[in-house]
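Let me begin by presenting the structure, written as structure tokens, before commenting on it.
Every number here is computed from the coordinates shown, using simple stated rules; none is lab data. For clarity, every value in this text was computed on a predicted model and none was experimentally measured. Heads up, the Cβs are rebuilt from the backbone with ideal geometry, glycines too, and the neighbour counts pull from every protein chain shown.
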Amino acid sequence: MDKEEILEKSRIENQNQDEMERDVFAKAGQKACAVGGVVCAVIIIIEAFFSDQVSYGTWAVYLSMTGTMLLYKYMKLKKRHELIFGGIQLALAAIFLIMHITRIIR
């Protein structure tokens, strides 16, 4: 591939996006995930305090968000620890989801 082919491929991939926009979007996603984590933690604490139960559904949502984020980072950056922790978090999310559904069915 020569220089012109690489530039053309880059233009096609980044069509209608500039670097600043992508950076802002990535940081917004990180902040949203952090805020979602705080909200999930508050819900879990309040439910545990007032109902003496752990909120499995809330844990499933939070772990699936962070696990997906880590697996996507692994696909792009190929860092093995992202794969390991993302896989663990998604496995835990599945377990908590099953426990949540089981609690609802009873």
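What dipole magnitude, in Debye to the nearest 20, does the chain give about its Cα centre under +1 on Lys/Arg Cβ and -1 on Asp/Glu Cβ?
Computed about the Cα centre, the dipole is about 440 debye.
Take HIS81, HIS100 and order them by how many other Cβ atoms sit within 10 Å, fewest up front.
Values: HIS81 10, HIS100 18.
Ascending Cβ contact count within 10 Å gives the list HIS81, HIS100.
Helix 19-51 sits at what angle to the longest principal axis of the chain, using alpha carbons and giving 0 to 90 degrees rounded to 10?
0 degrees
Apply 1/(1 + (r/R0)^6) to the Cβ-Cβ distance of ALA28 and PHE50, taking R0 = 25 Å, and write down the FRET efficiency to the nearest 0.05.
0.15
So if I restrict to the alpha-carbon atoms in the chain, what is the Rg, and what is Dmax, the biggest pairwise distance, in Å?
19.1, 65
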